[in-house]
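Visitor: Got a structure here, written out as structure tokens. Questions coming.
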Amino acid sequence: QKEVEQDPGPLSVPEGAIVSLNCTYSNSAFQYFMWYRQYSRKGPELLMYTYSSGNKEDGRFTAQVDKSSKYISLFIRDSQPSDSATYLCASPPGSARQLTFGSGTQLTVLP
Amino acid sequence: GAGVSQSPSNKVTEKGKDVELRCDPISGHTALYWYRQSLGQGLEFLIYFQGNSAPDKSGLPSDRFSAERTGGSVSTLTIQRTQQEDSAVYLCASSLDGTLSYNEQFFGPGTRLTVL
């Protein structure tokens with residue numbers, strides 16, 4: 001079993017839709033949770049990160065962590081075609097510095 | 001300012017040949033990471049450098065893989081006797097200080113390696 005599991009996708013939605021992307025994790029040592037966005041043929045770029053449980057909002061994006069259920073979510077409001085990309089959840093396990101990634105969800109927002 | 005750069009952007013090689021992949025981190029970043037991204041396995045950690053030292057090499061898949069970092073800057077990932085299963089995108093990332101509990105990692109565009 002992978003330490004971080006992510007909904008496989010691909011996901012296709014119409015412009016303006018609310019998108020929900022989800023991951024679960026198994027390692028209780030995870031404390032920081034990141035969402036990366038990766039456009040085709042590019043490296044991942046950090047979208048948001050949260051520490052421990054709770055919500056964090058940045059514009060149209062909201063990251064949510066529920067440590068009791070080991071569940072991570074990213075919500076995108078008013079989705080735009082420019083949001084079309086692969087979204088990766090990630091976390092550094094314990095004191096490690098490298099990131100453990102989910103497999104990624106490919107999102108397409110149709111105009 | 002300049003981001004993380006990697007070269008070459010694409011590399012096609014024959015099975016059994018050695019390849020070298022290069023990473024130039026963001027200036028001043030002390031931590032450097034190599035990851036591999038493939039269709040079947042997603043994005044996997046390979047090795048982490050703090051300065052010129054590699055405190056964590058746990059992700060290197062075999063002894064055919066090695067990496068070094070010189071002058072606390074440029075890093076080279078070497079794959080000897082390449083195999084077809086080595087075909088993947090090799091990504092490099094750097095962060096300001098890997099000794100802190102959280103540091104944003106900035107990724108380069110990757111090197112797409114194809115082993116024929």
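Visitor: Can you name the residue in region B:66-102 that is under 18 Å from A:Gly43 (Cβ atoms) and aliphatic (A, V, I, L, M) and is also farthest from the chain's Cα centre (by Cα) among such residues?
Guide: For region B:66-102, the residue satisfying everything is B:Leu96.
Visitor: For B:Ser9, work out the one condition from (1) surrounded by 14 or more Cβ atoms within 10 Å (Cβ to Cβ); (2) among the hydroxyl-bearing types (Ser, Thr, Tyr); (3) at pLDDT 95 or above; (4) farther than 23 Å from A:Ser91 by Cα it doesn't fulfil.
Guide: Of (1) surrounded by 14 or more Cβ atoms within 10 Å (Cβ to Cβ); (2) among the hydroxyl-bearing types (Ser, Thr, Tyr); (3) at pLDDT 95 or above; (4) farther than 23 Å from A:Ser91 by Cα, only one is false for B:Ser9: (1).
Visitor: Just to verify a result, which residue in region B:26-44, among those that are among the hydrophobic types (A, V, I, L, M, F, W, C) and surrounded by 21 or more Cβ atoms within 10 Å (Cβ to Cβ), is farthest from A:Ser103 (Cα to Cα)?
Guide: Restricting to residues being among the hydrophobic types (A, V, I, L, M, F, W, C) and surrounded by 21 or more Cβ atoms within 10 Å (Cβ to Cβ), the top hit is B:Ala31.
Visitor: Next question. Which of the following residues is in contact with a strand residue (DSSP E or B) (Cβ under 7 Å, 6 or more places away or on another chain), under 18 Å from B:Leu43 (Cβ atoms) and either hydroxyl-bearing (Ser, Thr, Tyr) or at pLDDT below 95 (or both): A:Gln31, A:Gln98?
Guide: Just a single option satisfies the conditions, and that option is A:Gln98.
Visitor: Among A:Ser20, A:Ser28, A:Ser68, which is among the small types (Gly, Ala, Ser) and closer than 15 Å to A:Glu3 by Cα?
Guide: Criteria check complete, one pass: A:Ser28.
Visitor: Sort through B:Asp24, B:Asp63 and tell me the only one that's out of contact with any strand residue (DSSP E or B) (no Cβ under 7 Å at 6 or more places or on another chain) and of a type in the set (D, E, K, R).
Guide: Going through B:Asp24, B:Asp63 in turn, just one is out of contact with any strand residue (DSSP E or B) (no Cβ under 7 Å at 6 or more places or on another chain) and of a type in the set (D, E, K, R): B:Asp63.
Visitor: Tell me which residues, restricted to region B:14-71, are touching a residue at least 40 places away in the same chain (Cβ under 8 Å), closer than 25 Å to B:Gln83 by Cα and of a type in the set (D, E, K, R).
Guide: B:Glu14, B:Lys15, B:Lys17, B:Asp18, B:Glu20, B:Arg22, B:Arg36
Visitor: Consider B:Gln105 carefully, then state whether it is over 15 Å from the mean Cα position of the chain (by Cα), under 25 Å from A:Ser40 (Cβ atoms) and within 9 Å of chain A (Cβ to nearest Cβ).
Guide: No, not satisfied.
Visitor: Right, next: Go through chain A and tell me which strands (runs of 3 or more DSSP E), entirely inside it, have 1 or more residues that are touching a residue at least 40 places away in the same chain (Cβ under 8 Å) and within 14 Å of chain B (Cβ to nearest Cβ).
Guide: The qualifying strands (runs of 3 or more DSSP E) are A:4-6, A:19-25, A:32-38, A:45-51, A:85-91, A:105-110.
Visitor: For region A:1-30, give me each residue that is within 12 Å of A:Tyr71 (Cα to Cα), surrounded by fewer than 21 Cβ atoms within 10 Å (Cβ to Cβ) and of a type in the set (S, T, N, Q).
Guide: A:Asn22, A:Thr24, A:Ser26, A:Asn27, A:Ser28
Visitor: Go through region B:7-53 and give me each residue that's among the polar types (S, T, N, Q) and closer than 24 Å to A:Gln106 by Cα.
Guide: Once the filter is applied, which keeps residues that are among the polar types (S, T, N, Q) and closer than 24 Å to A:Gln106 by Cα, region B:7-53 yields B:Ser9, B:Asn10, B:Gln37, B:Ser38, B:Gln41.
The values are calculated or read from the model by the stated rules, or taken from the named source; none is laboratory data. As the structure is a computational prediction, the values presented were derived from the model and not from experiment. Cβ coordinates were reconstructed from backbone atoms using ideal geometry, including for glycine residues, and neighbour counts include every protein chain displayed.
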